[in-house]
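Asker: Just dropping this structure here.
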Amino acid sequence: MTLLGHQVRLYSRWEREFEAITANGGIELSGDVEGRAAKPLLTTDLGTAVHGADTIIVAAPAFAHAYLSEQLAALLEPGQLVVFQPSVLGSSLELARHFAAVRRPACLIAETPTSLYTCRLRGPAQVYIGAIKQAVQLATIPHNACSQALARLRPYFGDRYVAGTDTLSVGLGNCNAIYHVPPAVLNIKTVEDSDKLPLHTLVTPRVAEVINALDEERLALAKALGVETHSFWQFLATAYGVTEGSHVERIVQGYGRQAFPEPDSLTHRYFTEDIPFGLVTWNSLANQIGLRLPLTEAFIRISGILCDADFEATGRTARVLGLEGGNAAGIKTAFLDGVSPSSPS
C-alpha cells in the first residue's frame, strides 16, 4: 500500500515486532512485488492505529482474532470498514457479536477466505510474495453490503476481490486446513525432524485422496447449512489458474513455484491455527445439526495427541460463536446479519 502511495499505519501488541522494520528503515519486498516500502507509522496503541482510518485490515493469525475483535468493537465507528484478510469461519460474526455486547453500532465488516498474497517472511523486514491470487471472494456483515465494501477496497487492491454470497459460504471457503493438515500429519516424522521439505512434495497420490476426502466433508457441511462454497480444486483454479491434471499435478502447479516448507515443529500454525480454527469449527457446527464428519474428527483427535493439545477446548466452536442450540437455518441467518441466537438484545 505504501508503494502505491497510500498512508499506512502498522499495529502490533509487541514493540519487538517493529525492531527489524525500524532498523531497516522499512520493509523490502521481492517476488511478485518488488520494492522497498519506507517505514510506516508503527504503534502498539490500537486506538492510534485505527482512529480516522478508512480501512482496517486484520492480517493476523486466527488465534488473535478474538482479542482484536473485542478491542476493535470499542474503537471503530460506523463509517469505517474492517477486513479480515484472511478470515477463518466466524471472524466477522465474532466481531459483530462484540459490537452488540458493548451496544455500539457496528461498522462495515468484511472477510475473505484466504489472503490475496501468498507470501512468507524471508529475513528481518524482508517479505517474499510468491503470488498474488487472481481472484479472492469477499463477503460482508450485513450480507447485502458487499458491493459497498468492494468499491471501498478497489483503490487499494484493484479488482482482485470479487463478490461472495455471505460470510458463511466465504468462511467455509477457507481451504487452508484442507491442504495443510493432511500432508503435515501423514508425514509427521519429517515435521519432528524439522526437515523443512516443500509441503507440495509430501502430497503423494494417496495423500491427495485424503485431501479430497477431507474437502468433501467440508462441502457436505456447507450443503447441510444451506450454502454453496468452492471445492479445494476450484479454489486452485480461481486463485492460481490451475484447471488440469491429476490432484497431485494441480497441487504442484499451484504451490510448486513458491515451494513453501512443511511445518518445522508441532507448534507451527498448520497445527495451532488450521486445526482449532478450521477443523474444530467445522466439526462443532456439524455436531449442532447432527452431521458426522468422521475424517475431520479423526484429524482433530490424532493431531491433538501428536501436539499434546486439546484443540477443541481452545478452538472456535459453536459455543464460542453463540450458536449452541441453533439449527441450520438459524446458523445461516447469524452469518448473514451478525446476530446469533444468544447475542445480546
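Asker: Find me the longest stretch of the chain that has none of the exposed GluC sites (Glu not before Pro), where exposed means in a DSSP loop (not H, G, I, E or B) with at most 15 other Cβ atoms within 10 Å. Kindly include the intermediate steps, with their values, before the conclusion.
Answerer: Numbers: sites that count: E34, E228, E244, E324.
So the longest stretch without any such site is 35-227.
Asker: Determine the distance separating the Cα centre of region 271-301 from the Cα centre of region 95-143; give it in Å without decimals.
Answerer: 22 Å
Asker: For K223, go through the aspartates and glutamates and keep the ones whose alpha-carbon is under 17 Å away, minus same-chain ones fewer than eight residues off.
Answerer: Partners found: D166, D215.
Asker: Trypsin sites (Lys or Arg not before Pro), restricted to region 1-93: which are DSSP loop and have at most 14 other Cβ atoms within 10 Å?
Answerer: Passing sites in region 1-93 are R13.
Asker: Beyond 15 Å, what percent of the Cα pairs of region 93-159 remain?
Answerer: Numbers: 1418 of 2211 pairs.
Summing the P(r) of region 93-159 above 15 Å gives 64 percent of all pairs.
Asker: Per residue and in cubic angstrom, what volume does the convex hull of the Cα atoms of region 130-231 have?
Answerer: With only Cα atoms used, region 130-231 gives 125 Å³ per residue.
Asker: So what are the radius of gyration and Dmax for the Cα set of region 176-314, in Å?
Answerer: Values for region 176-314 (Cα only, Rg and Dmax): 14.8, 43 Å.
Asker: Now for a separate question. Under 8 Å for C-alpha pairs, at least 6 residues apart: give me the relative contact order for region 176-314, rounded to a whole percent.
Answerer: Contact order relative to length: 32 percent.
Asker: For Y156 paired with A53, estimate the spin-label separation in nm (one decimal), with each label point 7 Å from Cα along the Cα-to-Cβ line.
Answerer: Spacing of the two 7 Å Cα→Cβ label points: 0.8 nm.
Asker: Placing one identical point scatterer on every Cα of the chain and ignoring solvent, what is log10 I(q)/I(0) from the Debye formula at q = 0.10, 0.13 Å⁻¹?
Answerer: Once normalised to I(0) and log-transformed, intensities are -0.60, -1.06.
Asker: Return the FRET efficiency for the residue pair V8, R301: r is the Cβ-Cβ distance, R0 is 51 Å, and the value is rounded to the nearest 0.05.
Answerer: 0.75
Asker: So how do I275, I305, I132 line up by other beta-carbon neighbours within 10 Å, fewest first? Don't skip to the answer; put the middle values down first.
Answerer: Values: I275 29, I305 8, I132 18.
With the sparsest Cβ surroundings first, the list reads I305, I132, I275.
Asker: Based on the Cβ-Cβ distance from F63 to S246, what FRET efficiency comes out when R0 is 35 Å, to the nearest 0.05?
Answerer: Taking R0 as 35 Å, the efficiency between F63 and S246 is 0.50.
Asker: With only alpha-carbon pairs counted, each pair once and no self-pairs, how large is the Kirkwood hydrodynamic radius of region 9-172 in angstroms?
Answerer: Final number for the Kirkwood radius of region 9-172 is 16.5 Å.
Asker: Per the helix-only calculation at 222 nm, which mean residue ellipticity applies to the chain, given -39500 (n - 2.57) for every DSSP H run of n ≥ 4 and division by its residues, nearest 500 deg cm²/dmol?
Answerer: Computed ellipticity for the chain at 222 nm equals -12000 deg cm²/dmol.
Asker: Kyte-Doolittle cut-off -1.0, length cut-off 24 Å along the helix's own axis using Cα: show which whole DSSP H helices in the chain pass.
Answerer: 205-224
Every number here is computed from the coordinates shown, using simple stated rules; none is lab data. Computed from a predicted structure; not experimentally measured. For neighbour counting, all protein chains shown are included, and Cβ atoms are generated from backbone atoms with ideal geometry for every residue, glycine included.
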